Amino acid sequence: MSGAKGVQRAGWAWNSDLSYAAIGEQQVSDTVYRLPRVERFGDRSVDGQRYTSEDHLAAEIERVFKRAWIVVAQSSAVAKPGHVAVLKEEGVDVIVLRDDKGQLQAFQNRCMHRGSRLVHKSGPYKRFECDYHGWRYGLDGALESAPDADGFGGVDVCRIHLETIRVTELAGQIWVCLDRTQPELEQQLSGIADELSPYQLEDMEPIQERVFSVPVNWKSMLENAFDYYHVGKVHKRTVHAHVTESPEIALYGDHIRQNIHIAPYRWRELIDRRCSRGGPYTARQHSRLFKYTLFPNTMINVLPYHMTVMRFWPDGVGGTRLHYSFCQRRGARGVEWLRARGTWLASRIILAEDVRMLARCQSQMDASVVPQHLLHDFEAASAHFHDVLGKWMTQIK
């Protein structure tokens, strides 16, 4: 068991030889992860209180979201000097920008005078000025001026600087980490960065960006995105109607990759070749949708001509704020443009099917009635996610 209320694993074992670290010379991209079959109820289940406990959510914020690498925005949001992105969600309130030299900077979103929130929305800035007492900061985070600065006695306030945090750019996303002890992001991704490299995701730009509020625990929303067990019911006329084989699942340390061969028709092969800038791509990358779940809360779905980014943020124990972004490659025209727009519309239909179902079925989850959530073979990724979550929850800083 991972932690006091984790994934129940009595009577079965993980295929430990399929962990990324143990693969060695084998190509991880061709490694498929499958759970062994079980017959007894409870052999593979998740404690229901993980979805309903306020105390558990508070611990998740402190031990996971405030320690892990998280996505703040897409690279396109801070493409030019002075462009600023702000993220304010449970336990996290940060500013990310490119300074006058084009370098990435990230700061805690608090004035260093009295702790007031400094920047309230994303956009272009030349400097930051606090609404409370008028302290003014440059894009490098240094305090430029403070009204009546000599009133602070012997304190040289001009040496004050916004609190910096770690920031990096990878896979077309801007990431931050509030914990200075964590390894670098690329190291933590266990090879995923190399796999994403051919897609050149920094070249993607949004068709649509939106934040959805859904009355469902954030873990339920995240798990649904890689749960194939519900597809035959919820997406009977969409995804299920155009998939002829089960998805493949591979593990990369704390992270998960799933790929699905959607619409394996002859006409699609012809169109794919005209919509595949970037590369070089493998045959699977041409033909399959690759879904990367990057712990703790980000999913990146990619094909050569599009990228969907979904970030699942807790909104109280019974709510999720889903940051949704659908992107096409910059400069898309003709068939490529039409293909991306068509996929976007399909994506929105599929997302709407999920949101309607989750809001109806999961919004009033009751752990006292169903204390253990049994997991199917097609929910293997959920078992791994909860195992990782349990590891992070029990780690001591």
**Study point:** Summed residue charge, Cβ within 12 Å of THR168's Cβ, Lys/Arg positive, Asp/Glu negative
**Key:** -2
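Which peptide among 382-393, 238-249 comes first, and what is the full order, when sorted by highest mean count of other Cβ atoms within 10 Å?
Working: 382-393: 21.1, 238-249: 15.7.
For the peptides 382-393, 238-249, the packing ranking is 382-393, 238-249.
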Revision key, fill the gap. Least to most buried among LEU189, LEU104, LEU97, LEU345, by other C-beta atoms within 10 Å and fewest first, runs LEU345, LEU104, LEU189, LEU97
Revision key, fill the gap. Per-residue Cβ contact counts at 10 Å, fewest first, order ASP99, ASP227 as ASP99, ASP227
Point to revise | Protection-proxy order for peptides 112-124, 284-296, each taking the mean of Cβ atoms within 10 Å per residue, highest first | key: 284-296, 112-124
Exercise for review: Please list, in chain and number order, the residues 5+ apart from GLU248 or on another chain whose amide H is under 5 Å from its amide H, with Hs placed from the backbone.
Suggested key: ASN259
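What value does segment 70-177 have for Rg/Rh, both radii from Cα atoms and Rh as Kirkwood defines it? Mind dumping the intermediate values first?
Values: Rg = 14.0 Å, Rh = 14.2 Å.
Rg/Rh for segment 70-177 comes to 0.99.
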Revision key, fill the gap. Around PRO183 (Cβ within 13 Å, Cβ-to-Cβ, excluding PRO183; K/R +1, D/E -1) the net charge comes to -1
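Summing +1 for each Lys or Arg and -1 for each Asp or Glu, what net charge is found among the other residues whose Cβ lies under 12 Å from the Cβ of VAL72? Don't jump to the answer; show the numbers that get you there.
Working: positive: LYS88, ARG166, ARG311; negative: GLU89, ASP93, GLU169.
Result for the neighbourhood of VAL72: 0.
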Review point. How large is ³J(HN,Hα) for each residue in segment 202-211, as worked out from phi by the Karplus curve 6.51 cos²θ - 1.76 cosθ + 1.60 (θ = phi - 60°), to whole Hz, x for Gly and Pro?
Key: 5, 8, 8, 9, x, 7, 8, 10, 7, 10
Practice item. Output the DSSP H helices from the chain with an along-axis C-alpha extent of no less than 27 Å and a mean Kyte-Doolittle hydropathy no less than 1.0. Key: none
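Based on other C-beta atoms within 10 Å, arrange LEU338, LEU170 from fewest to most.
With the sparsest Cβ surroundings first, the list reads LEU338, LEU170.
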Practice item. Starting at the first residue of segment 115-131, write each ³J(HN,Hα) from the Karplus equation 6.51 cos²θ - 1.76 cosθ + 1.60 with θ = phi - 60°, in whole Hz, x for Gly and Pro. Key: x, 5, 5, 9, 10, 9, 8, 6, x, x, 9, 9, 6, 10, 10, 6, 6
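Using helices alone, what [θ] at 222 nm do you get for the chain, with -39,500 (n - 2.57) per DSSP H run of 4 or more residues, divided over all residues and rounded to the nearest 500? Display every interim value, and only then the final one.
Numbers: 10 runs with 88 residues, N = 397.
Value at 222 nm, helices only: -6000 deg cm²/dmol.
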Study note, to complete from the structure: In this structure, among LYS80/LYS291; LYS66/LYS101; LYS80/LYS121; LYS121/LYS219; LYS66/LYS219; LYS66/LYS391, pairs with alpha-carbon gaps over 23 Å are LYS80/LYS291; LYS66/LYS101; LYS121/LYS219
Point to revise | Compactness of the chain as Cα Rg over 2.2 N^0.38 Å, two decimals | key: 1.05
Practice item. Have a look at segment 203-344 and give its Rg and Dmax from the Cα atoms, expressed in angstrom. Key: 15.6, 47
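Here, each number is a calculation from the coordinates, and none is a lab measurement. All values derive from a computational prediction rather than experimental measurement. Methodologically, a virtual Cβ is constructed for each residue, glycine included, from the backbone with ideal geometry; neighbour enumeration extends over all protein chains shown.
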